[in-house]
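J.: The structure under discussion is supplied below as structure tokens; questions concerning it will follow.
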Amino acid sequence: MSATDDATSATDDAMNGDPVRAAVVDATGRRGGWDSDIDARMAALESPVRDVLEPSLETLAAADRLTLVPDAHYPFHPSSGMVTDPAVIGSIVSRLERRTDADIAVAGASDERISVARTAEYLGYASLLERFGAEFVDLADESRTEDICTVDGSPVALSVPERLAESTVIVVPSLRPTENGPVAGAMRALAALVDSTADPERVPVAATRVIEPAVSVLDATTAYGGDPAAGNALFAGSASAVDAVASSLLGRSLETDAALKTARGDAGPVTVEGDGVDFERLRERIPDGELPPSDETHPAVSTAYRVYAAVAGDAVPPQLEGGR
Amino acid sequence: MAPTPLLNRLTDSNALSLGILGVGNIGMVHLKSAAAMPGVTVVAAADAVPENRERAERAGASRTYDDYATLLNSEDLDAAVVALPPFLHGEAVERAAEAGVDVFVEKPLARTTDEADELLETARKAGIAIGVDHTLRYQPDMAGVKAAYDEGSVGHVPYASITRLNDGPLGRPPVENAPPSWPLDADAVGGGSLLELGVHCFDVLEWLFGDLRVRDASMGQTLEIDVEDAATVLMEAPETGTTITLHCGSYQWEQLPEVNTRLRLEGVTGTISNQDHLPRNFYAGAAKSALSNVASRLTRDEPDVFGPTFYLQAHYDALADFCDAIREDEQPPVDGADGRRTLALAERAYELAAETDEAADEIDGLETPEVTL
């Protein structure tokens with residue numbers, strides 16, 4: 001099956017030409033589209049994780065250090081589809097511990113809104129990783145290495161956490177849009193961990209080229225596209241191919257995603273392989289909406305309210321002050 | 001310090017001089033309410049955050065302080081609004097008592113009934129009044145339910161239910177502000193959703209049905225946090241013979257102006273729902289209220305402050321009632337005893353939930369999982 005139909009040849013990262021592997025997560029008997037028992041979710045993920053990682057295991061087994069990068073940007077409940085389900089990470093770590101001798105870390109980065117340690121704790125990573133020999137690391141605390149990468153003929157300077165530059169990376173995005181509309185995806189998950197003053201649409205491409213993730217695993221067990229939807233599927237492949245699949249599932253066009261368009265270049269349509277995944281049906285089931293609207297009041301509404309309040313002698317609620 | 005008679009502390013002009021201790025989200029609502037209130041002067045506000053102090057100054061606070069104790073020592077106040085995190089309520093009331101200033105305390109009154117008892121005793125000794133900001137009973141939909149119930153419009157009510165849900169300190173996407181950590185810190189707040197939202201529900205339920213008895217409860221956490229973000233309580237109201245369930249939680253995304261507050265009274269001849277006492281369309285209701293306020297201005301009547309936003313208007317009305325009571329040397333309509341009562345109900349619910357969990361552990365021979373992600 002073909003997930004995209006608007007790309008042609010040439011590869012942007014090492015696996016660009018390879019198909020995306022898909023696996024169904026058995027949710028038979030699951031009520032309400034979500035199982036609140038993380039052990040039950042991890043058990044259901046064991047087989048699909050094994051299937052999608054199998055082609056990458058040789059590469060992963062050769063690594064001394066493995067770093068998993070989930071979408072853990074904020075402590076939204078995993079059943080919303082807005083973050084990677086920690087059960088997916090737990091299942092991947094479990095598989096890697098059985099099949100590799102590498103030191104394994106799960107990584108995120110604190111930002112101006114919230115420390116990733118707090119996010120990881122709320123999402124349950126701290127207790128989850130205690131089961132394994134893995135640790136959760138804050139890349140904001142790590143030393144960095146400077147790199148320059150060429151994107152579309154222009155140099156892009158990046159400051160990259162050493163761990164990402166030096167270890168073998170597995171990026172595990174959720175299936176959701178960004179605030180600006182395009183799919184969040186693997187490339188933007190990596191871009192969020194590097195510093196750069198370059199054009200924001202070039203940074204995801206540059207970050208992906210510099211970090212060179214060994215594989216990307218799209219957590220489509222739950223998707224968010226304006227509403228959550230149980231997808232019960234995993235997709236694995238190169239970062240750009242997986243992002244193309246995610247973009248297609250969320251009803252986005254590659255043409256409107258400058259970063260993805262650049263990364264895919266002339267690579268052909270992405271082929272999705274795997275038993276049991278009805279891609280078209282999945283695409284129909286997953287809504288193609290946006291994030292909820294901001295609570296920030298539109299400036300015109302704030303102005304109108306201030307005029308009304310002045311005329312009527314009413315007070316302006318703090319929420320409608322419009323940043324005054 | 002000897003207690004000061006209430007009326008002697010009012011200024012000559014009879015305007016109530018008010019200080020606002022804490023001008024974060026709800027503190028700013030109180031400040032703007034007070035600034036628009038006839039017969040009330042906001043003389044000062046205090047907040048540790050410089051941006052909040054700047055907002056307070058723009059909203060009409062004559063002076064601002066980075067420390068509420070300094071404000072209380074420096075200003076000649078009749079009353080103060082305590083809109084600080086719960087772990088500071090006791091200390092703030094103590095400082096207010098030393099200054100002989102009546103207080104309107106944001107809910108929950110305290111983190112525990114023990115802390116509330118200390119706070120109330122401090123107030124009693126100092127002769128200061130305590131009001132508590134329990135606002136559900138001031139909302140027009142709740143007032144509508146009470147009126148219909150008291151008129152006997154559905155006969156005997158064997159069962160009632162109340163639900164209050166929001167998205168708590170973590171909010172929903174898109175994330176616009178850094179979430180404060182104290183609302184999820186059990187030491188700082190004493191509990192989770194039950195103390196944040198449930199106490200409002202207890203207050204409105206006792207207002208409707210009289211004294212409540214908690215029969216059972218269950219607490220839940222949808223994330224691995226320190227406090228519950230979901231609470232369910234089974235109660236009975238002996239006076240009316242009503243069985244009541246309460247569910248509150250901070251796990252549900254909220255998109256203002258819509259708020260998820262549901263109260264249903266199941267009577268013999270029908271149902272009373274708060275939804276029947278709200279505008280069918282928030283914006284149409286807001287526009288109607290705005291037009292009414294503009295018309296009031298033309299006839300020189302006072303506007304309904306925050307008229308287009310009923311849940312903010314409820315905060316205004318609660319503070320206005322408190323200020324009227326202070327001005328008239330009367331007991332605040334929602335006082336410290338009311339605030340303590342809601343804490344006692346919450347504590348009983350916590351105890352019963354813990355007992356239920358322990359019993360389940362004994363039956364299972366396993367620890368009950370605390371987290372259900």
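J.: Looking only at helices (runs of 4 or more DSSP H) that lie completely in the range A:170-249, which have at least 3 residues being at pLDDT 95 or above and over 30 Å from A:ALA43 (Cα atoms)? Step through it out loud before you land on a result.
T.: Details: elements: A:185-191, A:203-211, A:239-249.
The qualifying helices (runs of 4 or more DSSP H) are A:203-211.
J.: If I filter the range A:42-56 for residues that are open to solvent by 10 Å² or more (accessible area, probe 1.4 Å), modelled with pLDDT of 95 or more, within 14 Å of chain B (Cβ to nearest Cβ) and not in a strand (DSSP E or B), do I get at least one hit?
T.: yes
J.: Does B:ALA349 satisfy the criteria of being modelled with pLDDT of 95 or more, within 28 Å of B:ARG124 (Cβ to Cβ), open to solvent by less than 60 Å² (accessible area, probe 1.4 Å) and touching a Gly at 6+ places or on another chain (Cβ under 8 Å)?
T.: Numbers: modelled with pLDDT of 95 or more: yes; within 28 Å of B:ARG124 (Cβ to Cβ): yes; open to solvent by less than 60 Å² (accessible area, probe 1.4 Å): yes; touching a Gly at 6+ places or on another chain (Cβ under 8 Å): yes.
Judged against the criteria, B:ALA349 is a match.
J.: Among the residues of the range B:60-88, how many are open to solvent by less than 20 Å² (accessible area, probe 1.4 Å) and either more than 26 Å from B:ALA15 (Cβ to Cβ) or not in a helix (DSSP H, G or I) (or both)?
T.: The total comes to 9.
J.: I need a count of the residues in the range B:15-46 that are more than 21 Å from B:GLY100 (Cα to Cα) and outside any helix (DSSP H, G or I).
T.: The qualifying residues number 5.
J.: Being more than 15 Å from A:ILE89 (Cβ to Cβ) and over 12 Å from the mean Cα position of the chain (by Cα) is the filter here; which residues of the range A:210-223 pass it? Step through it out loud before you land on a result.
T.: Of the range A:210-223, the ones more than 15 Å from A:ILE89 (Cβ to Cβ) are A:210-212, A:214, A:223.
Answer for the range A:210-223, where residues must be more than 15 Å from A:ILE89 (Cβ to Cβ) and over 12 Å from the mean Cα position of the chain (by Cα): A:VAL210, A:ILE211, A:GLU212, A:ALA214.
J.: Right, next: Pairs needed: first member in the range A:272-283, under 10 Å from A:SER248 (Cα atoms); second member anywhere, open to solvent by 90 Å² or more (accessible area, probe 1.4 Å) and of a type in the set (D, E, K, R); C-beta distance under 9 Å; at least 6 residues apart or different chains.
T.: Pairs that qualify, where the first residue is under 10 Å from A:SER248 (Cα atoms) and the partner is open to solvent by 90 Å² or more (accessible area, probe 1.4 Å) and of a type in the set (D, E, K, R): there are none.
J.: So, B:GLY152, is that one of a type outside the set (A, V, I, L, M, F, W, C), surrounded by 16 or more Cβ atoms within 10 Å (Cβ to Cβ) and over 25 Å from A:PRO293 (Cα atoms) or not? Talk me through it step by step, then tell me what you get.
T.: Numbers: of a type outside the set (A, V, I, L, M, F, W, C): yes; surrounded by 16 or more Cβ atoms within 10 Å (Cβ to Cβ): no; over 25 Å from A:PRO293 (Cα atoms): yes.
Taking the combined requirement at face value, the residue does not satisfy it.
J.: Which residues, counting only those in the range A:57-80, are within 13 Å of chain B (Cβ to nearest Cβ) and free of Cβ contacts under 8 Å to residues at least 24 places away in the same chain?
T.: Initially, the range A:57-80 is screened for residues within 13 Å of chain B (Cβ to nearest Cβ), giving A:71-80.
Matches in the range A:57-80: A:PHE76, A:HIS77.
J.: Filter the range B:167-195 down to the residues that are closer than 16 Å to B:GLY24 by Cα and open to solvent by 40 Å² or more (accessible area, probe 1.4 Å), then identify the one that is nearest to the other protein chains (Cβ to nearest Cβ).
T.: It comes out as B:ALA178.
J.: Scan the range B:34-54 residue by residue and report those that are out of contact with any strand residue (DSSP E or B) (no Cβ under 9 Å at 6 or more places or on another chain) and within 14 Å of A:ALA315 (Cα to Cα).
T.: B:ALA36, B:PRO38
J.: If we keep just the residues of the range B:18-55 that are over 27 Å from B:PRO180 (Cα atoms) and over 22 Å from the mean Cα position of the chain (by Cα), which is farthest from the other protein chains (Cβ to nearest Cβ)?
T.: Here the residue is B:VAL43.
J.: Check A:ALA107, A:ALA120, A:ALA87, A:ALA126 and return the single one that is open to solvent by 40 Å² or more (accessible area, probe 1.4 Å), within 26 Å of B:ASP185 (Cα to Cα) and either in a helix (DSSP H, G or I) or at pLDDT 95 or above (or both).
T.: Working: A:ALA107 fails: open to solvent by 40 Å² or more (accessible area, probe 1.4 Å); A:ALA120 fails: open to solvent by 40 Å² or more (accessible area, probe 1.4 Å); A:ALA87 fails: open to solvent by 40 Å² or more (accessible area, probe 1.4 Å).
That would be A:ALA126, the only listed residue that is open to solvent by 40 Å² or more (accessible area, probe 1.4 Å), within 26 Å of B:ASP185 (Cα to Cα) and either in a helix (DSSP H, G or I) or at pLDDT 95 or above (or both).
J.: Could you figure out which of (1) assigned to a loop (DSSP other than H, G, I, E, B); (2) under 16 Å from the mean Cα position of the chain (by Cα); (3) within 20 Å of B:LEU256 (Cα to Cα) isn't true of B:PRO173?
T.: (2)
J.: Name the single residue that is farthest from B:THR243 (Cα to Cα) among those in the range B:260-317 being open to solvent by 20 Å² or more (accessible area, probe 1.4 Å), facing chain A (nearest Cβ under 9 Å) and at pLDDT 70 or above.
T.: B:ASP304
J.: Against the definition (at pLDDT 95 or above, over 18 Å from the mean Cα position of the chain (by Cα) and more than 14 Å from chain B (Cβ to nearest Cβ)), how does A:ALA102 come out, yes or no? Talk me through it step by step, then tell me what you get.
T.: Details: at pLDDT 95 or above: yes; over 18 Å from the mean Cα position of the chain (by Cα): yes; more than 14 Å from chain B (Cβ to nearest Cβ): yes.
Answer is yes for this residue.
The values are calculated or read from the model by the stated rules, or taken from the named source; none is laboratory data. Note that this is a predicted model, so its numbers are computed, not measured. FYI the Cβ positions are ideal-geometry reconstructions off the backbone, even for glycines, and counts take in every protein chain you see. Remember, those area values only see protein heavy atoms, side chains included, never the ligands or the DNA or RNA. Shrake-Rupley method; radii C 1.70, N 1.55, O 1.52, S 1.80 Å.
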